[in-house]
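Structure first, then comments.
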Amino acid sequence: MKLKSWKEIPIGGIIIDAGNSQENKTGSWSDKQPQINTEKCTKCYRCISACPEKAIKKDKAGNVVIDHDHCKGCGICAQVCPSKAIKM
Amino acid sequence: MDAKFVALTGAGAAAEAMKQINPEVVPVYPITPQTPIVEYFAKMIADGKVDSEMVRVESEHSAMSATIGAQAAGVRAMTASSSAGLALMFEVLGVASGLRLPILMNIANRALSAPINIHCDHSDSMGVRDMGWIQIYSENAQEVYDHNFLALKLAEKVMLPAMVMQDGFITSHAMENVELTSDEKIQEFIGEYQPENPLLNVDKPVTVGALQLTDYYFETKRQQIEAMKTADEIYGDLASQLSDITGRSYPKLETYGLEDAETAVLTMSSTAGTAQAIAKKLQERKKMKVGVIKVRLFLPFPQKELQEVVKDLKSLAVLDRAVSFGSTAPLAKEVKNALFDAKERPQIQSYVFGLGGREIYEKDIAKVYNTLVKGDISQEVKYIGLRE
């Protein structure tokens, strides 16, 4: 992403456009990333609703997929998983 | 003429100006000698003369934080403080300027602790001079009143917060004759506040106060630098607009008797009046070629204007009511910095006076003029009214 000059950005660090949390890849902030054991996963999707970053999605087949570009590695998904299918 | 003269203290003049500005929100915390400003204002609210929402907070840090919140929401918000109160605001002063919120704050200058002291010096506002606020210093109650409108207009034009200073007790508690301008004329001058991106505009949602790290923080600071430059450029126009209404003028640097002067005293606030009184006597009675330069706009500092007004002077005494421990006093530092590149400049003597409210008299300033006329100028700072 090409960074803008001081003349091109909104005054006072204000964010005017919605949706920029998608642009900023915050995955590199994480210490540990979650790994899903698809054999243990029962597709209950508790991890999806628990993720504070909306970084867990399901694919067309209904499998749980981690968005590693935006996961900050908080580990909540691993804590809420009833099947212990997520390891950090 | 709709001129109306009333007897007001500097604090009363600040409250009167606040009433006419009619800010939506005024979060305040009392501290001597600023307290009468918000006391007068609280009475105005109680009497139904102004409809501002006063928020009684638990500290000055909270006062400034609540002011920032209100202003970011999209309304005019004001507060006032002094000394330790201003020092406690330090962190959030940078939030106000960094978020580009044109908050207006009245300051009654008071010494900082320790030793604990309630009287006037400028160490409080000088201590926060790099926090990105416009700073205007007032000589008397009339200037306090007028400067509030000028500072507000300037602040809103460039989206920077501004503080209007008056000398604690000397100005804040002394009763003077103040000419008030009609509400209509003041409203016409200040206009309606129209923030670009108010937080409460649900049709155009924005995020205020987001993180900026190594990627954008520097660019945002560069914008603040530019805003100060713009403030310097547009100040003159706004000052003459206000001047058209009040009949008084507001140059960045006010000069007295400089036409024939070879020696001048440069200072701020109430002491500029004392200097002017003695300069007049020395000119008339002793035919001395002396003058006075009063700095009204301290930040952004009027470098070009200073170079112009001092070019024919032989010597200049800079009188600071604050110190910079281990360095040159703040006003002298600005003056020397502004004149370093000037082709013609006077010899400069730095003086520190009046710390903790120590009195300064006409005779003290007469001594300064005599010392400079004799050519007794050194690179070492000299002190006025200090027991050696």
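The values are calculated or read from the model by the stated rules, or taken from the named source; none is laboratory data. The structure displayed is predicted, hence computed values, not measured ones. FYI the Cβ positions are ideal-geometry reconstructions off the backbone, even for glycines, and counts take in every protein chain you see.
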Before we move on, is B:V50 at pLDDT 95 or above, over 19 Å from B:W133 (Cβ atoms) and in a strand (DSSP E or B)?
no
Scanning region B:102-127 for residues that are within 12 Å of the chain's Cα centre (by Cα) and aliphatic (A, V, I, L, M), the one nearest to B:E196 (Cα to Cα) turns out to be B:L104
Name the residue, out of B:Y29, B:Y40, that is touching an Asp or Glu at 6+ places or on another chain (Cβ under 7 Å) and among the aromatic types (F, W, Y).
B:Y29
Test set (1) surrounded by 24 or more Cβ atoms within 10 Å (Cβ to Cβ); (2) under 21 Å from the mean Cα position of the chain (by Cα) - B:V92 fails condition number
(1)
For region B:76-89, does any single residue satisfy the condition of being within 27 Å of B:T220 (Cβ to Cβ), within 14 Å of another protein chain (Cβ to nearest Cβ), at pLDDT 95 or above and touching a strand residue (DSSP E or B) at 6+ places or on another chain (Cβ under 9 Å)?
no
Can you go through B:A111, B:A84 and tell me which one is surrounded by 24 or more Cβ atoms within 10 Å (Cβ to Cβ) and either in a loop (DSSP other than H, G, I, E, B) or of a type in the set (A, V, I, L, M, F, W, C) (or both)?
B:A111
Pairs only if they're at least six apart or on different chains, beta carbon under 9 angstrom, first in region B:90-115 and without any contact (Cβ under 8 Å) to a residue 12 or more places away in the chain and away from chain A (no Cβ under 12 Å), second surrounded by fewer than 24 Cβ atoms within 10 Å (Cβ to Cβ) and in a loop (DSSP other than H, G, I, E, B); list them, first residue then second.
none
Failed condition for B:R100, given (1) at positive phi; (2) outside any loop (DSSP other than H, G, I, E, B)
(2)
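Any idea how many residues of region B:200-220 are more than 9 Å from chain A (Cβ to nearest Cβ) and touching a residue at least 40 places away in the same chain (Cβ under 8 Å)?
Looking only at region B:200-220, we keep the residues that are more than 9 Å from chain A (Cβ to nearest Cβ), and these are B:200-203, B:213-214.
Now narrow it down to the ones that are touching a residue at least 40 places away in the same chain (Cβ under 8 Å): B:200-201.
Counting residues in region B:200-220 that are more than 9 Å from chain A (Cβ to nearest Cβ) and touching a residue at least 40 places away in the same chain (Cβ under 8 Å) gives 2.
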Of the residues B:P23, B:P102, which single one is at pLDDT 95 or above, of a type outside the set (K, R) and in contact with a Pro (Cβ under 9 Å, 6 or more places away or on another chain)?
B:P102
Pairs please, first residue from region B:153-169 and within 14 Å of another protein chain (Cβ to nearest Cβ), second anywhere and crowded, with 24+ Cβ neighbours inside 10 Å and among the charged types (D, E, K, R), Cβ atoms under 6 Å, 6+ apart in sequence or on different chains.
B:M159/B:R100
